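Enquirer: Here it is: the structure, laid out below.
The values are calculated or read from the model by the stated rules, or taken from the named source; none is laboratory data. None of the values given here were measured: they were computed from a predicted structure. Cβ placement follows ideal geometry from the backbone for every residue including glycine, while neighbour counts extend to all protein chains displayed.
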């Protein structure tokens, strides 16, 4: 089972993601956060496999938060979400160590595939260690 922490400041978007993910037999949302501060606490307490995170949050941005989460929960993979799909935003996500970057307007299947791929990469790294 892939465990997820949803980090999204828009409650309606967060709830829609949670409802869609609940339809997947291999995924479970174990926590939700609407700010960077909440996300750090939840990530540390829950240690999810994947943190699904919006790039823009009220108290920080997803790039800084990705760096912080990696320092306290290095085993969690970050899949970033954004309405912006420009190359500089994608490049920043990659620079801070996000496993994947998905535009919010992309089909849900691409998001679900990115979540699964992030976990598979971790499993491959663990097997090769």
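Enquirer: Run residue 9 past the list (1) closer than 16 Å to residue 112 by Cβ; (2) in contact with a strand residue (DSSP E or B) (Cβ under 9 Å, 6 or more places away or on another chain); (3) in a loop (DSSP other than H, G, I, E, B) and report the number of the one that doesn't hold.
Expert: Condition (1) is where residue 9 drops out.
Enquirer: Tell me, which residue of region 64-93 that is under 16 Å from residue 9 (Cα atoms) and surrounded by 18 or more Cβ atoms within 10 Å (Cβ to Cβ) is modelled with the lowest pLDDT?
Expert: My answer is 82.
Enquirer: Can you give me the ranges of the helices (runs of 4 or more DSSP H) entirely in region 34-129 with at least 3 residues that are touching a helix residue (DSSP H, G or I) at 6+ places or on another chain (Cβ under 9 Å) and over 20 Å from residue 17 (Cα atoms)?
Expert: Because the criterion is at least 3 residues that are touching a helix residue (DSSP H, G or I) at 6+ places or on another chain (Cβ under 9 Å) and over 20 Å from residue 17 (Cα atoms), the helices (runs of 4 or more DSSP H) in region 34-129 that meet it are 62-72, 87-95.
Enquirer: Which one of these does residue 31 not meet: (1) in contact with a helix residue (DSSP H, G or I) (Cβ under 7 Å, 6 or more places away or on another chain); (2) over 24 Å from residue 91 (Cβ atoms); (3) in a helix (DSSP H, G or I)?
Expert: Residue 31 satisfies every listed condition except (3).
Enquirer: Listed residues 117, 22; which is loosely packed, with under 12 Cβ neighbours inside 10 Å and either in contact (Cβ under 8 Å) with a residue 12 or more places away in the chain or more than 13 Å from residue 8 (Cβ to Cβ) (or both)?
Expert: Checking each option against the conditions leaves just 22.
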